[in-house]
1. Looking at the chain, what % of its DSSP beta bridges pair antiparallel, to the nearest 5?
2. In 10 Å bins starting at zero, report the fraction of Cα pairs in region 316-403 per bin as a rounded %.
3. Which order do 312, 410 fall in if you start with the one that has the fewest other Cβ atoms within 10 Å?
4. Give me 414, 59, 133, 419 sorted ascending by neighbouring Cβ count inside 10 Å, so fewest comes first.
5. For a footprinting-style exposure proxy, rank 318, 347 by other Cβ within 10 Å, fewest first.
6. With a Förster radius of 22 Å, plug the Cβ-Cβ distance of residue 125 and residue 92 into 1/(1 + (r/R0)^6) and report the FRET value to the nearest 0.05.
7. If you average 1/r over all unlike Cα pairs in region 239-347 and invert the result, what Kirkwood radius do you get in angstrom?
8. Pop the C-beta distance of residue 334 and residue 387 into the FRET formula with R0 = 30 Å and round what comes out to the nearest 0.05.
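None of the figures in this text is laboratory data; all of them are computed from the coordinates on show. Remember, predicted model here, so these are calculated numbers, not experimental data. Counting neighbours? That spans all protein chains shown, and the Cβs are built from the backbone with ideal geometry, glycine included.
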């Protein structure tokens, strides 16, 4: 397997993102088709011609072809890392359910861009076999029938009727089987009406006076809310007009929320060098009585059911233009208090795999622009796989290597390193980890 998957992709995928100073809401969608009414849950779907399908045995299909089956439309684009990450799962589910279900990806983007994307995307092509999802391209008609502003956006059509409109997390074998068994579902409707730049709280009729106070500020935490799309990343806004700062996170589990906030408490320079710190399970230590409220595991049951009980929305607003580092530190302190937890970065001894130099010069190097791999990039890609102990680079080598495929084992990777006159050893090291403990309330 190749290990040069782009660093930025995994950082986006894990939602450990830099704060945003503004929210960009122009997605470049083409205009809707005039004269077509939007379909809602419970509506009967007309006989729609769906054409321009790539990676499919048919270039076009009709919704009437699935009048007795389940048709799932998964709206996506190449900028949606969550959508891309789910594609191998969609392929697997299609194979499991066969002709009973059609899982069809849909994008407004042109065929030229999408065809090139499937040919060149390393994440999808590293799978065996490579993932080439059947996808509608150049779509206007389906978006007109099923309006959306954010991806992923999933429309479930069973026996010719719209039965659900959800986020991508609802595409599971259990949910598909539930519909095939003829059961009625009551999944939360994915909302498209919420403006993420709008504060949670407006204290009418006192809000206008209160918001002008030099002491103005508040924080709010709620559980999962269906009125807000599930989004990764931190919404960080400095409002120059009203002289206040806002940080907000929507429908994330507790672990992801702390990961994002703590990541943003560090400098950009630190994060550029250590962006992978919290992507590896060994770098996340839980010292709590009930870890099930912090992050999901399969033994906790269905993921969507777990999210309903454990996902949170969080917002903090402060008077003044406060920089990102200070604002996220304040948010961590506040969240600790609200959740009776204590989250922080801390040095702990952990079993690691360590790249070390030998007494021989490094061989088979290659410039980055020609496809060479820097060791920090290799470490990110290895850590994000979550199948090895954390990796550390103690070589002092800052060049790039012409890495070859290896068999996926530590022994195989060590052999590849030795080919470059480097080595790989296993030892304990004191490294920085994220620790979440139960708060010690006096």
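1. 75
2. Each 10 Å bin holds this share of Cα pairs: 13, 27, 23, 21, 14, 2.
3. 410, 312
4. The order, fewest Cβ neighbours first, is 59, 419, 414, 133.
5. 347, 318
6. Efficiency, rounded to the nearest 0.05: 0.85.
7. 15.3
8. 0.25
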